[in-house]
Each structure stands twice: as structure tokens, then as C-alpha cells.
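K.L.:
Let me begin by handing over the structure; questions about it come next.
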Amino acid sequence: MSNAMSLHTIPRFRPLMPARYTEGRSSLRLKRLPRSSHDRDNAEEVRLRGQELDETHARLDAAINTMTHGLIMVNEELGVVLCNRQLRAMFKFDADIVRPGAAMREVLSHSIDVGNHPGATPDQLLAELHELLRPGLRASFSQNIQDGRVVSVNWEPLETGGWMCTCEDITVREAATARAVYLACHDAVTDLPNRHALLGILQTAWPEPEAPGFSLLCIEIDRFQSICDTRGHCTGDILLQEIAARLGSCVRAGDRVAHLGGASFGVMQAAPATPALAQRLAARLIETLQTPIRTEGRSLLATVSIGIAFADTQTSGPADVLRNATLAMHLAADKGGNCANLYGADMDRTAQARHELELDLRGALDARQFEVLYQPLVSAKTRTITGFEALLRWRHPVRGMVSPADFIPLAEQLGLIRPIGEWVLRTACAEAATWPAPVRVAVNLSPEQFTGVEGAGLVDIVADILATTGLDGTRLELEITESVRMQEDAATLDTLHALRRLGARISLDDFGTGYSSLSYLRSFPFDKIKIDQSFVRALPGQEATAIVRAVVSLGASLGITTVAEGVETELQLQALVAEACDELQGYLFSKPRPACDAAGLIAAAPIQLAA
Ligand code: C2E
Ligand code: CA
Ligand code: CA
């Protein structure tokens, strides 16, 4: 059972008991018979001995043929003494060839014929066997045989001379071990090397002192948890697999892609490490995600945040460069995602500051550090206040007033925007209920508030707030931006329609800043379009005027109210009035003001321009 393909041979010395000569002893106990019947007695004794021997043989046969191992016993001349059924089945041996009395050479030759030892010759196998079977030596090895099976072979010398070989089919066990070894360094969902394996890859690729280093990109899917909460974990897995495939399509030979766990991937870009090359790869990755991903018959647009770091003289090893790239990635996510960020030494300080901000933000709601300010929306025709936009502020005990632009992206990442957003809605509706009808309140909604999780959904929350504050639903406006991805998500569209059924009006905020504002308008019958400040600021410039004119006429033809945000100057105001924009909002009328100022502003109609 040896051949050139043995995986390993582990001869082990074992002290052998000296073979004892046992002739003349018999295990049979025979009755003494009277002399007179000597011949008859002899015949009887022989018959009984024969019978007992037959029984012993039968028992032995039964035992060796029911054991799970294959077994073959050979004498010192390598002639087969005994061989069980399992061994013949395991090696596909013919019982007429592999039988007691056959020479081992015949057995090996037959074993070659049935395909157990591709490329081997009987002489070669026999020489190997002689090499293996040394007196007093035990030999174990595993051997690949036909059909891709693996057999563990164990030769033991016998006290009485000769050898016994036991064989076990370990194909399943070997496969399980191989799988366990594979899984220890691969991710089961994407089949990519895992974090542990990537660190090994980076170690191997680590540059010599003067050699060019490599770049490492850490990539995280933006809002992955929300996607899983809304679409289910099956979609999450498909998304991971698709992103893994797209990353694979962006890299070059020699680059390596790994799945670091969760929604994070790592890409080692082979040397040379230059910011330009790494950023080009990052741009390719972002670009490839512009094409929606199909999952379960629906499409999904995913974005990623990318952090880039370099293996160079500044870094001490793979763990260090991975940490730097991860840090840069988190800061890219803080900027709202869908972008790449190069690691810089100052990031450690930024990360520390972010960490502190995170701790403070987690406690801010309980510590009652939030406030809502209200900025009037003014009718261009009557100059009366039609409503107020509720704008969140964080009064930090040390930092002072923190802008929502600085903490809302963080609150979204930390999953805090839902409770904070609910608090804003409740506070603003309670406040608006004290204003005279029909003055409305507009509340900003984050995309995260649309994702379904355990607990009440957005529609239930709004319904409850309207009921408890007594505000009529028609006096509530909800502002969303294009980052609420309703084209790809039927559930979000359902939520918007359900909010509409509660009486609320839906406004499209920051119109014109997204990639597909016009097609976005088609996905839902919005009540209001808010023209982004960037266009208003450029008024009365030619291009901005043309854009405002186009949006206003589009709104008029669709029956949608148009609002201009960020109106700061009288020139801008005149341009907007000339273009027949319906409503105006901006510092020219009022900055966002505390709730206590609202009643006075409403009463002082028509509103005066701020000084
Ligand atoms: P936004 O919804 O586009 O809000 C308008 C922003 O423009 C506000 O900034 C407002 O103070 C500012 N603004 C108003 N008039 C003028 C003007 O004449 N000139 C200039 N330069 N700015 C003006 P703010 O309050 O800092 O809010 C920034 C953003 O934070 C908001 O942009 C909104 O996206 C977000 N935000 C504010 N409150 C909330 C909230 O309660 N929930 C959510 N999810 N987001 C909020
Ligand atoms: Ca807004
Ligand atoms: Ca806006």
C-alpha cells in the first residue's frame, strides 16, 4: 500500500515483544475417552477439533469483515495471509486476485491496474514497500487513491513475524479539515481572504528599507446596517458578494482584495505606493458602483467610503498601515461617504476629537442639549409667513453651539438620528400647534429615518406625534433630499405615500445638487421644491437665473410650490420675484430664531426685511 504519492511517512520505533514459540499448546479442552474405543475416539477428537476450528474461523471472519477499517496481513515473505472485504472495496480489488496466498507483488500490480497509483510501476511500489517494512518499525502515511479519495495506511509488524496493514478512508475527514483551514483565513460569504489572511499578505509584501512600498485601501459600504435592516440580510450578503466582484474587477494583477468583516473590504495595491495611483484606484471603485446592483429583482445603489494608507518608512508594520487606512476610511464616512480620503498624521487628532464628540453626542439627548430654531418661509406675493423650517441645534456645554452639518452625519452613522429625529418632530409639532392655522412647520428627515427596524416605523411615529400634539397633519411639511433613495426602494415610496395620507406635505430639499434631480421628481408627486442655496447665491447671474426660471416653470406646470432657500440680498429677492418663485427663505427675512420669537414674527405681517 505504499507508492510515490504518499503524503507523509512516519516510521516510529516501537519495542517488539520477542516472538514466543507456542507450538503444542492448544486452546481446546478435550474429554479423556476410554482406551477400548481408541480409534473411534481419535476420529471423534479430530471431528470436534475441526468443528471448533471452523467456528473460530467463522468468528474471526465475521470480526474482520465487519470492522470499518480495511485490513491485510502478510507474512515475512510478503505473501498475503488474510485480507478483509473492506480493504478490497476501498481499493477496488478483485477478490480472485487479492486473496490469501497471493504475493504482494501481484497485489500492487493489480492496485496499479485499477488506478490507485497513477504513473507508478509494480517494481517501484514493491521497492518502496521493502523500504518501509523494516523489522520493528511501524509506518503510517496517507495515500491518494482513485476517485480523489484519501486513505490512511498503517503498517504494524507482528510478534509472530510478518505485518498487518490497516487502512481507513479519511476522505471526508480530510475534506472537513481542509475546509476548516480554508475558513480560518477566508470569509464565508465573499470567499475572499479575511482580515487575518490580509495581514499575512501584507507581511509577505512588506517592502525592504529602500524598496517602494504598497498602498492599502480600506473600503466600507455606506449605511450597510440600514440596508440590511430594510432589505434583509440576504440582500446584505448579495451586496457583499457583488461589491467583492466589482472590487476584483477594478484591481490589477498583483493587487489583493480581502473582506475584513462586516461591510469592510481591504485592497492591497501592489507597489509603487503613490497617492495618485491609489486615488485612481479609489476613483475606479467609486465609479463602478454608479451602476445599480440587482438583488432579488430590485435594484440597489450602494456607495462606499474609502481610506488610503501607505506601507512606507512612517509605518511600523501591516497592523499599523491597516489601522491608518481604517481611520482615513472612517473620516471619509464622516464626510457623508461616497468618497476617498488619504491618511495623514493629523488624522489621529481628528479621530480623537471625533471619538470625544461621539461620546458627547450619545449623551446629548438625555442631557437635553438639543434645541430647535425656526426660520420663516415667506410668501413672495403677500410677504406673510406660510410656515417655519425647524432647524436643529446642539448646545454643547464646552463647544458651544454645534452646527447640524457637523453632528448629523455622525448621528446617522451611530444610529442616533432616529431618536434625535423623532425628538425634533415631536418638539416642532408641539410648537407649531401653538401657532395660528394655517402656518405650517417643516421638519428635515434623514434617510436613516426611512429604514425599517424593530419598533415603530416613521409613519407610526408621525401619526402618534400628530395625535398627541393635536397638530393637524396638513400643517406638517417633511423635507427630504435625494439621499432618500426611493427609486430603488419600494418600501420608502410606500412610507412617503402613507405620510401623505396623514395630511403631511413632502418637500424636495436642496433641489439641483444631486445627480438626478429631474428624474427624482418623477418618482414621487412632491408638494414643494426647495431650490438650493447655491443657485440663489449666484443670482442675478445669467446661468442661475436660467436655472431658477426652469425650475419655477417646471413647478408651475406640475402644480408644485417652489421655494428659494438662502435668500440674503435684495437683488436676489428681486430676481426671484421676477421669476415668480412662490416662497422665500433666508437671512434677508430672518435667521433661524428660537421658538419664543415665532409668534411675534407671524403677527408682524407683512414681514420686514432684516437690517
Ligand atoms: P437645510 O435643510 O438645507 O437647511 C437650510 C440651512 O440653510 C440651515 O442651516 C439654515 O440655517 C441655513 N440658512 C438659512 N437661510 C440662510 C441664508 O440666508 N444664508 C445662509 N448662508 N444660510 C442660510 P443649518 O441650520 O445649519 O442646517 C444645516 C443642515 O442640517 C440643514 O440643511 C439640514 O440638512 C440639516 N438639519 C438641520 N436640522 C435638522 C434636523 O432636525 N434633522 C435633520 N435630519 N437634518 C437637519
Ligand atoms: Ca431643509
Ligand atoms: Ca436646503
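K.L.:
Work out from phi, with θ = phi - 60° and the Karplus expression 6.51 cos²θ - 1.76 cosθ + 1.60, the ³J(HN,Hα) of each residue of the range 163-180, listed in order in whole Hz, and give x for Gly and Pro.
P.N.:
Listing the rounded values in order: 9, 10, 10, 10, 10, 10, 6, 10, 4, 5, 5, 4, 5, 5, 5, 4, 5, 4 Hz.
K.L.:
Label the range 470-611 by shape, choosing from rounded, prolate and oblate, from the square roots a ≥ b ≥ c of the eigenvalues of the Cα gyration tensor; if a/c is under 1.5 it is rounded, and otherwise prolate applies when a/b is larger than b/c, oblate when it is not.
P.N.:
oblate
K.L.:
By its C-alpha gyration tensor, with a ≥ b ≥ c as the square roots of the eigenvalues, how is the range 171-303 shaped: rounded for a/c under 1.5, else prolate for a/b larger than b/c, else oblate?
P.N.:
oblate
K.L.:
With n ≥ 4 as the cut-off for DSSP H runs, can you work out [θ] at 222 nm for the chain, using -39500 (n - 2.57) per run divided by the number of residues, rounded to the nearest 500?
P.N.:
Values: 20 runs with 251 residues, N = 611.
The per-residue figure over the chain is -13000 deg cm²/dmol.
K.L.:
Arranged from highest to lowest average of other beta-carbon atoms within 10 Å per residue, in what order do the peptides 561-571, 466-476 appear?
P.N.:
The densest-packed peptide leads the list: 561-571, 466-476.
K.L.:
Also, I was wondering about something else. What number comes out for the charge environment of Glu76, summing +1 per Lys or Arg and -1 per Asp or Glu over other residues with Cβ under 13 Å away? Mind dumping the intermediate values first?
P.N.:
Details: positive: Arg134; negative: Glu77, Glu159.
In short, -1.
K.L.:
For a footprinting-style exposure proxy, rank Tyr587, Tyr343 by other Cβ within 10 Å, fewest first.
P.N.:
Going from least to most buried by this count: Tyr587, Tyr343.
K.L.:
Be a star and scan the range 64-85 for residues whose amide nitrogen sits under 19 Å from the point 7 Å along the Cα-to-Cβ vector of Leu137.
P.N.:
It comes to 74-79, nothing else.
K.L.:
Sticking with this structure for a sec: Name the shape class, rounded, prolate or oblate, that the alpha-carbon gyration tensor gives for the chain, where a ≥ b ≥ c are the square roots of its eigenvalues, rounded holds for a/c under 1.5, and otherwise prolate holds if a/b is larger than b/c and oblate otherwise.
P.N.:
Verdict is prolate for the chain.
K.L.:
If packing is taken as the average number of other Cβ atoms within 10 Å across a peptide's residues, how do 379-391, 194-206 rank, most packed first?
P.N.:
So the peptides 379-391, 194-206, ranked by packing, come out 379-391, 194-206.
K.L.:
Remind me, relative contact order of the chain in percent, using alpha carbon pairs under 8 angstrom and six or more residues apart?
P.N.:
Once normalised by length, the contact order is 9 percent.
K.L.:
May I ask you to derive the relative contact order of the range 429-484, considering only C-alpha pairs under 8 Å and at least 6 residues apart, and to give it as an integer percent?
P.N.:
Answer for the range 429-484 is 56 percent.
K.L.:
With the dipole of the range 355-603 worked out from charges on the C-beta (+1 for Lys and Arg, -1 for Asp and Glu) around the Cα centre, which of Ala442, Leu458, Ala491 lies farthest toward the positive end?
P.N.:
My answer, from the dipole projection, is Ala442.
K.L.:
Kindly write out, for the range 303-315 in residue order, the coupling ³J(HN,Hα) from the Karplus curve 6.51 cos²θ - 1.76 cosθ + 1.60 (θ = phi - 60°), rounded to whole Hz, with x marking Gly and Pro.
P.N.:
Coupling constants for the range 303-315: 10, 9, 10, 10, x, 10, 9, 10, 7, 9, 5, 7, 9 Hz.
K.L.:
What list of ³J(HN,Hα) values in whole Hz, one per residue of the range 146-153 in order, does the Karplus curve 6.51 cos²θ - 1.76 cosθ + 1.60 (θ = phi - 60°) give from phi, with Gly and Pro shown as x?
P.N.:
Here the 3J(HN,Hα) series is 4, 6, x, 7, 10, 10, 8, 10 Hz.
K.L.:
Mind giving me the nanometre distance, one decimal, between the label points for Glu52 and Glu210, set 7 Å out from Cα along Cα→Cβ?
P.N.:
Each label point is offset 7 Å from its Cα along the Cβ direction, giving 8.8 nm.
K.L.:
Additional query: Which cross-chain or sequence-distant (5 or more) residues have an amide H under 5 Å from the amide H of His186, H modelled 1.01 Å from N in plane?
P.N.:
Long-range HN contacts for His186: Asn194.
K.L.:
Follow-up. Would you grab the residues whose amide H sits under 5 Å from the one on Ala442? Only those 5+ places off in sequence or on another chain, please, with H modelled 1.01 Å from N.
P.N.:
Phe388, Glu389, Ala390, Glu477
K.L.:
Another question, if that's okay. Just to be sure I follow the rule: in the chain, considering lysines 8 or more places apart or on different chains, how many pairs have Cα atoms under 25 Å apart?
P.N.:
So the count works out to 6.
K.L.:
Moving on to the next point. Determine, for each peptide in 317-326, 249-258, the mean count of other beta carbons within 10 angstrom over its residues, then list the peptides with the highest first.
P.N.:
Ranked from most to least packed, the peptides come out as 317-326, 249-258.
K.L.:
Now a separate question. For Asp237 and Arg105, calculate 0.36 nm times their separation in residues minus their Cα-Cα distance, and state this gained length in nm to one decimal.
P.N.:
Values: separation 132, 0.36 × 132 = 47.52 nm, distance 5.57 nm.
Gain on stretching Asp237 to Arg105: 41.9 nm.
K.L.:
Another question, if that's okay. Going by how many other Cβ atoms sit within 10 Å of their own, how do Met90, Met329 line up, fewest first?
P.N.:
Met90, Met329
K.L.:
Let me ask something else. If amide H atoms are built 1.01 Å from N in the plane of the peptide, which residues on other chains or at least 5 residues away come under 5 Å of the amide H of Thr303?
P.N.:
Result for Thr303 returns Asp222.
Coordinate-derived values only; no laboratory data. Since the structure is predicted, the reported quantities are computational estimates derived from the model, not experimental observations. No Cβ is skipped: glycine too gets one built from the backbone with ideal geometry, and neighbour counts run over all protein chains shown.
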